[in-house]
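Report on one structure; see the data block that follows.
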Amino acid sequence: MSKVTKILMMVSLAVSLFLVSPVATLAATPPPEAGPTINLKPGGAFTVLGNLTAGSIVSGSIKLILVVAALLFFFMLVVGGIQWIVSGGDKAGSENARKRITSALVGLAIVFAAWAIVALVKALFDIDILNLIVPSLQPPV
């Protein structure tokens, strides 16, 4: 890989880690008569995080993977195009750029095929993987 590609990959990794990093939440203070308690429920604007389930985490992860993969392959497509322009007629450089563009297009096709398979499973079997609901093992109270 060229130096520019390595730098761009490191910058994109740093940005993605910054965007995905966990956010600290505000803890609610317990009443004094309750004694020492630990409140693990998020407060403030993050109260919806208390409703997380295994199904929502799995479906959110699948959505995130699809989006990140599509963005990554699109980014590689753009890098291949820039590499082709910069090659300046060099046979090896333009061949390398063509291979990168072809690989990026194949990757994009795979990502969109995965999304289409998910949509097909939803249409045929009525299983929505992008909004997965996993039944609870505990009986309702």
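The values are calculated or read from the model by the stated rules, or taken from the named source; none is laboratory data. In this text, all values refer to a predicted model and were calculated from it rather than measured experimentally. Every residue, glycine among them, receives a Cβ derived from its backbone with ideal geometry; neighbour counts consider all protein chains shown.
Need the failing condition index for Lys3 against (1) surrounded by 10 or more Cβ atoms within 10 Å (Cβ to Cβ); (2) under 30 Å from Phe73 (Cβ atoms); (3) at pLDDT 75 or above, just the number.
Every condition holds for Lys3 apart from (1).
Does at least one position in the range 127-137 carry a residue that is in a loop (DSSP other than H, G, I, E, B), of a type outside the set (A, V, I, L, M, F, W, C) and within 24 Å of the chain's Cα centre (by Cα)? Steps first, answer last, please.
Let us first name the residues in the range 127-137 that are in a loop (DSSP other than H, G, I, E, B), namely 127-128, 132-137.
Cutting the leftovers down to of a type outside the set (A, V, I, L, M, F, W, C) gives us 128, 135-136.
Add one more test, that the residue is within 24 Å of the chain's Cα centre (by Cα), and what stays is 128.
Yes, the conditions are met somewhere in the range 127-137.
Need the failing condition index for Gly89 against (1) assigned to a helix (DSSP H, G or I); (2) closer than 30 Å to Ser2 by Cβ, just the number.
For Gly89, the failing item is (1).
Residues being modelled with pLDDT under 65, under 25 Å from the mean Cα position of the chain (by Cα) and more than 24 Å from Trp115 (Cα to Cα): count how many of those fall in the range 18-46.
Pass one, the range 18-46, residues modelled with pLDDT under 65: 18-36.
Among the residues that remain, those that are also under 25 Å from the mean Cα position of the chain (by Cα) are: 18-25.
If we keep only those that are more than 24 Å from Trp115 (Cα to Cα) as well, we get 18, 21-25.
The number of residues fulfilling the criteria is 6.
Could you identify the single residue in Ala113, Ala109, Ala123, Ala104 that is closer than 25 Å to Leu64 by Cβ and touching a residue at least 24 places away in the same chain (Cβ under 8 Å)? It would help to see each step written out before you state the result.
Numbers: Ala113 fails: touching a residue at least 24 places away in the same chain (Cβ under 8 Å); Ala109 fails: touching a residue at least 24 places away in the same chain (Cβ under 8 Å); Ala123 fails: touching a residue at least 24 places away in the same chain (Cβ under 8 Å).
It is Ala104.
Inside the range 47-83, can you point out the residues that are modelled with pLDDT of 90 or more, in contact with a Lys or Arg (Cβ under 8 Å, 6 or more places away or on another chain) and not hydrophobic (A, V, I, L, M, F, W, C)?
Scanning the range 47-83 gives Gly80, Gln83.
Of the residues that make up the range 95-109, is at least one touching a helix residue (DSSP H, G or I) at 6+ places or on another chain (Cβ under 9 Å), closer than 20 Å to Thr5 by Cα and of a type in the set (Asp, Glu)?
Yes, the range 95-109 contains at least one residue that is touching a helix residue (DSSP H, G or I) at 6+ places or on another chain (Cβ under 9 Å), closer than 20 Å to Thr5 by Cα and of a type in the set (Asp, Glu).
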